[in-house]
Amino acid sequence: MERRRRLFETEKVGGRAAYRFQAVTVAAGILLLLYYRVTHVPAAGEGRAAWLGMLAAEFWFSVYWVITQSVRWCPVRRRTFKDRLAQRYGEELPGVDIFVCTADPQSEPPSLVISTILSVMAYNYPSEKISVYLSDDGGSILTFYALWEASKFAKHWLPFCKRYNIEPRSPAAYFFNSEGHHDRCPPKELSFIKDLYEEMTNRIDTTVINYLKDHQPIVQILIDGKGQNAVDDDGNVLPTLVYMAREKRPQYHHNFKAGAMNALIRVSSVISDNPIILNVDCDMYSNNSDSIRDALCFFLDEEMGHNIGFVQYPQNYNNETENNIYGNSLQVLNQVEIAGLDSVGGPPYIGTGCFHRREVLCGRIFSKDYKEDWNRGIRKRHEQTYMRLKRRQSLSKGTPLFPEIMNPWATPFIYVFCMKNIYCLYEELLCGHTLKGWWNGQRMWMVRRITSYLYGLIDTIRKLLGLSKVEFVVSSKVILCGMLVIINIPIYEAMFLRKDKARIPFTVTLASIGFVILAFLIPIV
């Protein structure tokens with residue numbers, strides 16, 4: 001009977017009636033808004049092109065809004081049962097290969113990299129079933145030396161973590177956090193392990209950086225989990241630890257992460273060939289030592305496991321500002337949108353914090369009598385996707401592109417604008433943000449859409465048109481500046497050409513030109 005019990009369960013998020021009422025009424029408002037646009041197109045003239053442009057923009061944002069609601073209509077949560085996993089499989093759990101990628105020891109300090117390595121080596125999982133691979137696309141002797149230091153420190157760190165069940169198991173994060181868990185272990189032992197860690201990082205940080213830009217492939221096993229000497233201070237087996245640097249030649253640009261992942265798959269298939277693969281970025285340490293067991297509850301579930309190919313975990317960041325100054329918080333994404341994506345097939349693979357089945361990445365030979373000892377799959381409850389939030393159009397009394405404020409047709413415009421922003425604010429507050437944080441997020445979305453997103457769009461179009469291959473290379477920045485000039489043509493007209501009441505006063509124009517000239521003359525230090 002026990003073998004038929006599920007290893008995870010799915011729960012629908014409750015309290016969706018108010019949201020669905022809001023979504024339905026906003027959808028009705030959008031339909032009325034579009035109906036007004038279609039039925040009130042002005043006759044041929046100067047305003048017709050602007051009207052049709054507004055219609056196209058509002059239609060696109062309407063489609064975009066519908067897409068964003070698909071992840072909010074019926075969100076779900078997943079709950080795992082690790083106790084059932086332990087009862088059912090005991091020690092017969094699959095091995096796990098863990099891939100960590102780094103490329104530049106200057107932007108990704110080796111002391112940061114080894115903290116990530118140590119956090120995944122210390123998972124609450126049989127050490128003999130864990131193999132950790134570091135791909136160093138920088139080919140740095142410093143990174144190799146840091147990993148060698150970490151292999152020695154692991155003999156002390158891993159038993160310390162498991163003896164006192166500390167979290168997180170990244171030494172940098174653990175010792176940085178002065179609150180919480182330091183009272184779990186004796187002060188003398190804590191001081192000893194902290195001194196060992198600080199001595200190790202000091203040795204790494206004072207080592208001269210050296211790069212290898214032209215070398216053959218390098219694969220070095222620093223800890224062989226099958227060796228007799230690969231044990232920690234408590235006599236327990238250590239995880240396998242492998243350093244890898246791909247072949248480098250100055251004339252070839254082959255230092256991209258996708259290539260590193262392909263190389264890691266090939267190397268690991270020879271050394272350990274474990275059926276589960278976890279890949280993490282070098283700056284994303286694990287903050288949950290049971291992550292592997294949680295993922296296996298999905299893969300090994302007898303009813304649904306065969307439908308699951310990868311399990312994606314969320315990304316979270318330390319030291320976020322209280323008011324989300326830079327609009328980079330992922331709380332709404334993790335708590336709302338990922339839960340919604342999980343109800344419609346699962347979130348996408350985001351490049352880090354993801355467990356894969358090896359056979360999903362590499363394939364397998366088909367056989368009618370093939371039978372798995374355990375199952376496989378395609379998603380999990382958490383992790384990052386896309387951020388959305390469409391921009392509203394300007395709304396003011398007397399604007400020709402919108403109905404007069406007293407006109408009944410103004411109602412859907414006002415309602416859609418207000419309800420969309422009110423619900424967006426509610427989501428932000430529900431996820432722990434502040435009112436100011438929500439406003440900063442809106443501001444940053446505007447900045448991104450007229451800078452980096454626009455730049456990326458222009459660069460993609462340029463490549464599709466083949467402009468990047470011509471002898472005279474048109475810079476993306478030049479195109480972007482030209483687009484910004486075109487966008488601001490109405491302002492230039494108001495400054496220099498218009499003579500009616502809509503013109504910008506000459507004194508304001510003169511002052512603006514003076515400030516711009518002054519800004520260009522100020523040296524950048």
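Structure above, values below:
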{"item": "Test set (1) in a helix (DSSP H, G or I); (2) surrounded by 15 or more Cβ atoms within 10 Å (Cβ to Cβ) - Asn262 fails condition number", "result": "(2)"}
{"item": "Filter result (touching an Asp or Glu at 6+ places or on another chain (Cβ under 6 Å) and not in a loop (DSSP other than H, G, I, E, B)) within the stretch 54-90", "result": "Val76, Arg77, Arg79, Thr80"}
{"item": "Pair list, Cβ < 9 Å and 6+ apart or interchain, from the stretch 17-36 residues that are more than 14 Å from Glu427 (Cβ to Cβ) to residues that are not in a helix (DSSP H, G or I)", "result": "Arg20/Trp73; Leu32/Trp409; Leu33/Trp409; Tyr36/Pro403; Tyr36/Trp409"}
{"item": "Which listed residue is at pLDDT below 90, surrounded by fewer than 15 Cβ atoms within 10 Å (Cβ to Cβ) and not hydroxyl-bearing (Ser, Thr, Tyr), from Asp195, Asp183", "result": "Asp183"}
{"item": "Positions within the stretch 335-355 being out of contact with any Ser or Thr (no Cβ under 9 Å at 6 or more places or on another chain) and either crowded, with 19+ Cβ neighbours inside 10 Å or in contact (Cβ under 8 Å) with a residue 60 or more places away in the chain (or both), in sequence order", "result": "Gln335, Val336, Ala339, Gly346, Gly351, Thr352, Cys354"}
{"item": "Selection from the stretch 265-300 of residues that are in the same structural domain as Ser140 (by TED's automatic domain parsing), farther than 30 Å from Leu7 by Cα and of a type outside the set (Val, Ile, Thr)", "result": "Arg266"}
{"item": "Candidates Asp294, Asp283, filtered to the one that is within 22 Å of the chain's Cα centre (by Cα), of a type in the set (Asp, Glu) and in a helix (DSSP H, G or I)", "result": "Asp294"}
{"item": "Residue in the stretch 495-502 that is exposed (fewer than 11 other Cβ atoms within 10 Å of the Cβ) and of a type in the set (Asp, Glu) present", "result": "yes"}
{"item": "Test: residue in the stretch 301-312 that is in contact (Cβ under 8 Å) with a residue 12 or more places away in the chain and touching a Ser or Thr at 6+ places or on another chain (Cβ under 6 Å)", "result": "no"}
{"item": "Residues of the stretch 329-348 satisfying the condition of being of a type outside the set (Gly, Ala, Ser) and either under 11 Å from Val71 (Cα atoms) or in a helix (DSSP H, G or I) (or both)", "result": "Gln331, Val332, Leu333, Asn334, Gln335, Val336, Glu337, Ile338, Leu341, Asp342, Val344, Pro347"}
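The values are calculated or read from the model by the stated rules, or taken from the named source; none is laboratory data. Computed from a predicted structure; not experimentally measured. Every residue, glycine among them, receives a Cβ derived from its backbone with ideal geometry; neighbour counts consider all protein chains shown.
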